[in-house]
Structures are given as structure tokens and as C-alpha cells.
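Notes follow once the structure below has been shown.
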Amino acid sequence: MKNLYLYMSLIGLLSTQHFVSAGEKPSPQDTVKTFNIDEIVVTSSSKETNDLRTLPGSVSILTPQQIGGRQVASIRDIGSFVPNLHLPDYGAKLTSAVYIRGVGARSSGQSIGLYVDNVPYMDKSSFDFELTDIQRIEVLRGPQGTLYGRNAMGGIIHVHTLSPFDYQGVKASLAYGNYGQLNARLSGYARPGETVGLSAGVYYDRCDGFFTNAYNGKKADGEETSGGNLKLSWKITPFLTASLAASGEYTAQGAFPYGLYDEKTGKTAPVSFNDESSYRRTLLNQHLSLSYRHGKILLTSTTGYQYLDDDMRMDQDFSDSSVFVLNQLQRQHAFTEEITVKSQAGSRYQWSFGVYGFYSRLHTEGPVEFKRTGIDSVLQPVFDSLKEAGMPGSLKITDESIRIPGNFETPVRGVAIYHQSTCNDLFTEGFSLTAGIRLDYENQQLDYASEAKMNLSMQTAPARPPVDLSERYPASVIDEHLSQDFRQVLPKISVKYECTPRTFAYLSAAKGYRAGGYNVQMSADIMQGRMKYDVMNAFGQMIPPGMIVEPNPVKEVISYRPETSRNYEAGVRSEPLKNRLQVELTLFYMDVRDLQITKFVDGGSGRILSNAGKAKSLGAELSLRAILPDGFAADLNWGYTRATFRDYNNEREDFRGNRIPYAPQHTLSAGLQYDRLFRNRRIDQISASLQCNGAGKIYWDESNRLSQPFYATVNAQAGLRKGAVSFHLWARNLTGTDYSAFYFESFGKPFMQKGKPLQFGGKITAAF
């Protein structure tokens with residue numbers, strides 16, 4: 001019966017007990033037992049000198065039962081459970097916008113690191129993937145740069161997948177819901193021998209889409225995803241183990257179902273665009289992990305490789321007019337290697353040393369095509385103004401469409417060394433000190449090539465035919481080769497005092513760091529300026545004085561600097577009622593320099609990441625979890641953030657004191673679960689869960705003119721189990737809450753993406 005309970009808990013049912021599988025006893029030297037009141041979660045760490053149960057920092061751990069009860073299917077779904085973590089629906093898997101404690105990244109760059117089985121994911125375009133057979137998910141809030149390096153300024157999300165040494169059997173599930181939602185899973189775990197474990201799985205998801213394109217009557221956001229994974233684990237010797245894993249996923253989806261927003265009425269118009277908006281992605285991941293344990297040390301090596309190939313098409317005016325379209329293609333190869341040696345648990349002094357290196361090469365093609373309406377409304381007005389300023393004759397763009405290509409090679413390489421030490425029972429019993437430092441170096445290069453031309457004619461008098469001028473000036477060419485280096489020293493220090501074995505308080509200070517980079521999304525805007533300048537310069541004698549303005553150097557326009565922060569945190573974690581009540585309270589303050597913020601370019605045809613001076617963020621986080629009588633359990637997770645600009649002026653408006661866009665002031669998750677087991681009955685188990693998730697107020701722009709008030713959605717699930725088979729009914733956004741999930745601008749017009757409506761369905765699962 002214990003094995004049956006294990007099987008069911010691992011597929012996410014709301015059981016009340018977790019057990020280690022028969023014959024597998026966790027070694028106290030390489031694992032940490034984190035007691036989450038009613039269950040035991042076995043975790044491991046190759047770097048950390050503190051265990052997760054008493055980590056002097058903010059940490060949230062999602063167990064298999066919590067993942068199942070909250071219907072967590074992707075990284076985006078965990079935001080509601082973790083205080084001050086917000087992952088809005090961008091409209092495609094292209095970019096996972098992540099905001100934590102008031103700072104985040106919507107376009108380029110990232111503010112939070114994602115790891116899967118100790119392997120970092122190098123690009124946000126790969127963050128949004130299907131979660132299958134997850135052993136646990138850890139979310140560490142606050143800077144984690146000492147151990148995890150670049151772009152872990154806001155924290156890290158660490159996903160651990162199930163090992164064939166911990167579970168053997170076959171699991172299958174099939175779910176169906178409204179809007180044509182279909183989800184199928186099949187996986188198997190086996191141990192062909194005492195020292196070898198093997199697992200394999202496949203999955204398929206589809207959805208017809210939630211929003212209808214009023215232009216053609218078709219669904220705008222349908223999605224189809226399929227993938228699979230393999231894992232081989234081998235205990236080579238009693239001291240040496242190895243794990244080789246590979247996974248792949250293909251996604252095809254309609255994308256960016258944005259509707260025009262009316263600021264006066266507060267209403268969002270139906271989705272309506274005439275050109276294709278879609279996203280296709282192929283994602284492959286492989287890693288090899290080696291672990292050598294001998295005496296008092298643990299030596300690990302993790303080698304990772306990731307391949308990303310995607311194709312994004314966007315009707316970037318989001319209307320039924322033929323203005324302009326974007327087709328961005330990315331192809332990335334990324335390699336990572338990390339070697340860590342650390343002391344084993346059991347002594348007062350714990351230490352960890354590591355070296356990390358990576359190489360990533362991303363090729364991006366981002367051609368923008370201006371169609372006739374776009375030419376007339378965006379490009380032509382510049383030449384019309386010359387006539388108004390006194391130019392003899394009028395210039396007219398004769399192209400029916402203008403294609404502006406952009407080809408980018410962005411190789412990035414980096415290396416880091418780090419160390420962390422923890423002294424326990426320092427000066428007095430229960431007092432500990434943890435200090436660490438990381439030396440980080442990174443080099444980024446950019447090769448940017450583009451060539452485009454607009455054809456013009458001139459008419460000097462109404463009665464005369466226009467004269468073709470296109471042969472009198474060459475095409476505009478951009479050929480840039482740029483490079484920049486970043487060096488950072490990332491210290492961290494924390495002190496902790498354990499008042500009792502179940503209660504401790506801590507203080508910590510750390511430096512946060514997010515790397516700088518290059519804006520490849522604004523290539524069309526750069527080339528627009530270059531083409532206009534080249535044409536005017538070719539006819540300089542005819543152009544009125546002061547009308548020819550040379551564009552700024554590409555390096556100044558396309559580059560952005562690193563973002564850094566000083567972070568201070570105080571917290572208390574306690575279990576006032578043993579195995580009944582768990583409480584965590586955190587206060588934090590962040591002083592941010594060179595804040596990276598997404599801005600829409602003046603030309604309206606793109607967005608860039610730029611530095612916005614100084615900012616500050618302060619707030620609080622509260623987590624409660626309680627086991628109640630009669631099979632009930634409850635949890636509450638609340639976060640408050642006040643993130644404001646301290647010094648930011650875009651030369652048109654001073655935003656000092658305004659809230660930072662896209663970061664919600666409050667996040668809230670409140671849940672109630674019920675679970676009951678039966679013996680000698682027709683039904684072995686019944687379970688139910690109710691979850692309320694909320695976020696807001698969210699400001700959409702720097703001026704704080706547009707915002708989304710606080711909103712809440714309700715998810716529910718109920719099911720029963722007989723033997724190895726279970727059946728569940730589920731619902732998301734049960735109340736049909738109407739809210740805006742994302743904001744976008746195109747040529748100064750505001751567009752919103754609405755949140756997903758009420759969804760419901762059923763799921764059948766079997767585990768053998």
C-alpha cells in the first residue's frame with residue numbers, strides 16, 4: 001500500500017503522506033530532508049552549504065502533491081504560489097517575462113535564473129516548456145549570484161526531475177477540456193539492474209485557442225506541443241554515479257492575441273489582425289552529470305548543451321491594416337560546464353568551491369516588411385515634411401513594400417569562480433555565519449549586417465511627370481562588429497540564529513547583477529534612420545538647412561549596460577505547531593542602479609532594453625501552511641512590493657517616484673485542500689482543492705497612466721481513486737474573471753492581451 005501511495009503522490013494527487021521507495025534509503029551525506037509539515041521531500045544540493053530547511057534566505061518548495069493540486073503545467077503556473085513572483089502571459093512561448101520583487105525583464109535579458117537538474121537555461125525563449133514527472137521545484141528569492149552567477153539577480157527557479165532510482169513503474173494520463181484542450185502523458189521508469197536506472201516519456205498537448213480573430217473568424221492562439229525525454233542513471237561504483245539525460249520539444253502556436261485598448265472606456269477591442277502571427281519552436285536539451293563522493297567531500301561535474309531553433313511571425317500593427325510585419329528567426333547553440341567540490345554535512349564548518357564556464361552562439365534574423373499602408377503612414381511623412389519646409393519638389397516613395405533585413409551573430413562566453421563558507425554554532429550554539437564571493441567575467445560580441453533601400457521619385461510641378469531618383473543613390477548598408485566585456489565581484493553574507501530546532505531568524509546582504517547586452521529587436525528602427533539620412537544626404541543641396549540629422553552611432557543605440565543592486569533581507573521561519581503549522585515572514589530592500597527597462601522606440605517599430613537610472617524596491621512576503629483536522633490543509637502566500645524609480649528621465653518626462661511597470665504591488669495565493677483515504681471501500685481515496693490566485697495593481701507604462709487593478713482567479717479540482725486509476729474534474733478561472741494579462745505598444749497605440757477565460761475538463765490517470 002505504501003508503494004501505491006508513492007505512485008499516486010508522484011503524479012500530483014493530494015495525498016497526505018510521501019514515502020521513499022522501497023529499498024532506496026537516502027544517504028544523509030548527500031541529501032537533505034526538508035520537512036513540509038505533512039510530507040518528507042528528499043532534496044539534494046551540489047553547491048549550497050546550508051540545507052533548504054534552514055537556508056538563511058527566502059525559499060519556496062513545490063512538492064509533487066502541490067504541483068498536482070495547483071495544476072502546475074509550466075513555469076508560468078508557479079507564479080501564483082510564490083510570493084512576489086509574477087510571470088505574465090506574453091502571448092507566446094517566445095519570451096517568458098519574469099518579475100520578482102519589482103524587477104524583471106520583458107524583452108531581452110533575464111532577471112531570474114532557470115535551472116533544470118543543475119543545468120542553466122541560457123535564454124528566456126526556452127523557459128516556457130511543459131513540466132513532466134517533476135520531483136520538486138525550488139524557488140530561491142533574492143540575489144543568488146554567489147552560487148548561480150549571471151542574471152540570478154531576482155533569484156532562481158530550480159526544477160528537479162524524477163529519477164528512475166527513486167521510482168519504478170509506468171504512468172499514463174489523459175485530460176480533456178473546453179476550447180479543445182487535450183493533454184496526454186506516458187512515461188516509464190525501470191531498473192534493469194541494481195546499478196542502472198532508465199526512464200523515458202512522451203507527451204502531447206493541444207488547444208484550439210481562447211481568442212477569435214475578428215478579421216477572419218479563426219482562433220488566434222491555438223497551440224500544439226509534443227515532446228519526449230530519456231534519462232539513464234548509473235551507479236558506476238559505490239562512490240561514483242552518472243546521469244545522462246536528453247529531452248526535446250516542438251511547439252506550434254498562434255501568437256500575440258492583442259486587442260486595441262480604449263483609454264477612455266477602459267475596454268479592449270476584440271483581436272483583429274490580417275497578417276500571420278505565430279510561433280514555432282524546436283528545443284533540445286542534453287546534460288551529463290557526474291558525482292563522486294568520498295570521505296568528507298562531494299565532487300560534481302555537470303555538462304549541458306541546449307539547442308534552440310524558432311520562427312516568430314508578428315503582425316506588429318495588430319490591426320486589419322497592412323502596415324508592417326516582423327519575422328524573427330533564432331538559432332542558438334549553448335554549452336555550459338560546472339565543477340563543484342563541497343564538504344559533506346556533519347561538521348560545524350561547511351565549504352563549497354566551484355568553477356563555471358559557458359559559451360553561447362545565437363544567430364538572429366529579424367526582417368521587417370513595411371507594406372503600402374505602413375509606407376504611407378510611417379515613412380512617407382518624413383519626406384512630406386521636407387516639402388513643407390521649403391524643398392523644391394516633392395519626394396514620393398514608390399515601393400509597394402520595403403523589406404528591411406537584419407542579421408545578427410551574438411556569441412557570448414564567460415567564466416566564473418566562486419566560494420561559499422558556513423560556520424555553524426559560531427560564538428554560541430545556534431548562531432551561524434555564511435559568506436560567499438563570486439568572480440565573474442563575460443565577453444559579448446555582435447556582428448550586425450543589413451542592407452536595404454527605398455525607391456523614390458520627385459515631382460517638381462503638378463503638370464510634370466515624376467522623375468525616378470532611385471539610381472542616383474546607393475542602398476543603405478550597416479556592417480557593425482562590436483564587443484564588450486563585463487566583470488563583476490558578487491559578494492553575499494548572512495547570519496542566522498536558531499532560537500529552537502524549529503524556529504530561526506536571519507539577516508543577509510548581497511549584490512545582484514544582470515549582464516548588459518545588445519538590442520537586436522530595434523534593427524528596423526536603426527535602418528529606417530540610416531535610409532532616411534542616406535537619401536537626404538544624397539540630395540543635400542536640395543534639402544532645407546537643419547533637416548539632415550545624422551543617426552547616432554549604432555554602438556550607442558544598440559547597447560545597454562549591466563544592472564546591479566544592493567540587497568538587504570531579514571526573515572523568520574518557524575514551525576510553531578510541530579507537523580501542523582509552518583510560517584515564513586520576509587522583509588527586503590533593494591537599491592538598483594542602471595535599471596534595465598523595456599521601452600518602445602520612437603519610430604514605433606520595435607522595443608529596446610535601456611538603462612533607466614536608479615530605482616528602489618522594498619516589501620514583505622508571508623507564507624503560511626497548516627494541517628487542519630479531518631483531512632484538510634490550507635496555505636497562504638502573500639507578497640507586497642513597492643518598486644519605484646528614484647532617478648529616471650527620458651528627456652520628455654520625469655518619472656521619479658513612479659511605480660516600475662509590469663511589477664504587481666501585491667501577489668496572493670490562498671488554497672484549501674481536502675484528502676481522505678478509505679479502507680475496504682469501493683473508493684480508495686477522494687481529494688479536492690480550491691485555490692485563489694491574485695495580482696495587482698500593475699502599472700503598464702512608466703508614466704503610470706495605464707494600469708490593471710488587483711484581480712483574482714479561482715482554480716478548483718476534485719477527484720477520486722480506485723487502485724491505480726484516478727479521475728479528476730478540474731477548472732481554471734472558475735469565476736470567469738475579466739482582466740488584462742499583458743500590455744504592448746505599436747506606433748503609440750496601446751494594446752492589451754486579455755486573461756484566459758473559464759476553463760474546465762476532466763483527467764484520468766493510471767500508475768502501475
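The values are calculated or read from the model by the stated rules, or taken from the named source; none is laboratory data. None of the values given here were measured: they were computed from a predicted structure. All Cβ positions, even for glycine, are placed from backbone atoms using ideal geometry, and neighbour counts span all protein chains on display. The protein model used for the area step is the full one, side chains on, heavy atoms only, and it has no ligands, DNA or RNA in it. Shrake-Rupley method; radii C 1.70, N 1.55, O 1.52, S 1.80 Å.
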| task | Provide the solvent-accessible area of ILE397, counting protein heavy atoms only and rolling a 1.4 Å probe, rounded to the nearest 10 Å². | result | 0 Å²
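What is the packing order of peptides 351-358, 264-271, taking the mean over residues of other C-beta atoms within 10 Å and listing the highest first? It would help to have the intermediate numbers written out before the result.
Numbers: 351-358: 18.0, 264-271: 13.4.
Sorting 351-358, 264-271 by mean packing, highest first, produces 351-358, 264-271.
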| Under 12 Å from the Cα of LYS722 - aspartates and glutamates, other chains or at least 8 residues apart | ASP684
| message | Treating only the Cβ of Lys, Arg, Asp and Glu as charged (+1, +1, -1, -1), what charge dipole size does the range 571-699 show about its Cα centre? Round to the nearest 20 debye. | response | 300 debye
| field | Hits among lysines - C-alpha to C-alpha of LYS511 under 20 Å, sequence gap 8 or more where chains match | value | LYS47, LYS492, LYS496, LYS614, LYS616
| message | Need the list of aspartates and glutamates near LYS756 for cross-linking: C-alpha distance under 15 angstrom, and skip anything on the same chain fewer than eight residues off. | response | ASP77, ASP89, ASP208, ASP221, GLU223, ASP738
| request: Give the Kirkwood hydrodynamic radius (Å, one decimal) of the range 379-455, defined as one over the mean of 1/r across all pairs of different Cα atoms. | output: 19.3 Å
| query | Across the range 569-586, in residue order, what do the Karplus-derived ³J(HN,Hα) couplings come to in whole Hz, using 6.51 cos²θ - 1.76 cosθ + 1.60 with θ = phi - 60° and x for Gly and Pro? | reply | 9, 9, x, 9, 10, 8, 10, x, 10, 4, 6, 10, 9, 10, 10, 9, 10, 9
| Rg [Å, one decimal], Dmax [Å, integer] - the range 716-758, C-alpha atoms | 18.2, 59
| In sequence order, calculated HN-Hα J values of the range 388-399 (Karplus, 6.51, -1.76, 1.60; Hz; x Gly/Pro) | 5, 7, x, 5, x, x, 10, 9, 10, 6, 9, 5
| query | Per the Kirkwood definition applied to all pairs of different Cα atoms, how many angstroms is the hydrodynamic radius of the range 187-297? | reply | 18.0 Å
| request: Consider a paramagnetic label point 7 Å from the Cα of ASP399 along Cα→Cβ; state which residues of the range 495-528 have an amide N under 16 Å from it. | output: 523-528
| query | Taking a threshold of 26 Å on the Cα-Cα distance, which of the pairs LYS218/LYS396; LYS218/LYS754; LYS124/LYS231; LYS267/LYS532 fall above it? | reply | LYS218/LYS396; LYS267/LYS532
| field | Extension gain, TRP351 back to LYS555 (0.36 nm per residue minus Cα-Cα distance, nm) | value | 69.2 nm
| For the Cα atoms of the chain, what angle does the longest principal axis make with the long axis of helix 523-538, in degrees from 0 to 90, nearest 10? | 20 degrees
| How do the peptides 647-660, 305-318 rank, highest first, by the average count of neighbouring beta carbon atoms within 10 Å per residue? | 305-318, 647-660
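Among 118-126, 627-635, 372-380, 81-89, how do they line up by average Cβ neighbours within 10 Å per residue, starting with the highest? Show your work: numbers first, answer last.
Working: 118-126: 22.6, 627-635: 14.3, 372-380: 17.4, 81-89: 25.0.
With the highest mean Cβ count within 10 Å placed first, the list reads 81-89, 118-126, 372-380, 627-635.
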| said: With N set to the number of residues, divide the alpha-carbon radius of gyration of the chain by 2.2 N^0.38 Å and report two decimals. | reply: 1.01
| Positive-end residue, the range 373-416 charge dipole about Cα centroid, Cβ charges, pick of SER394, SER377, PHE408 | PHE408
| field | Charge-dipole axis of the chain as Lys and Arg at +1 and Asp and Glu at -1 on Cβ define it, positive-most pick from ILE608, TRP351, ILE597 | value | TRP351
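How big is the Cα convex hull of the range 634-739 in projection, averaged over all directions, in nm²? Show your work: numbers first, answer last.
On the way: hull surface 35.8 nm².
Spelled out: convex hull of the Cα atoms, projected over all directions, averaged, 8.9 nm².
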| field | Dimensions (Å) - the range 219-271, Cα atoms, principal axes, largest first | value | 70, 21, 8
| message | Ignoring solvent entirely, what values of log10 I(q)/I(0) come out of the Debye formula for the range 334-406 at 0.14, 0.21, 0.23, 0.28 Å⁻¹ when each Cα is a single scatterer? | response | -0.68, -0.96, -1.03, -1.17
| query | So, in nm, how far is label ASP630 from label LEU585 when the simple model puts each one 7 Å beyond its Cα toward the Cβ? | reply | 3.0 nm
| request: Could you compute the FRET efficiency for ASP425 and ALA190, with r as their C-beta to C-beta distance and R0 at 51 Å, rounded to 0.05? | output: 0.70
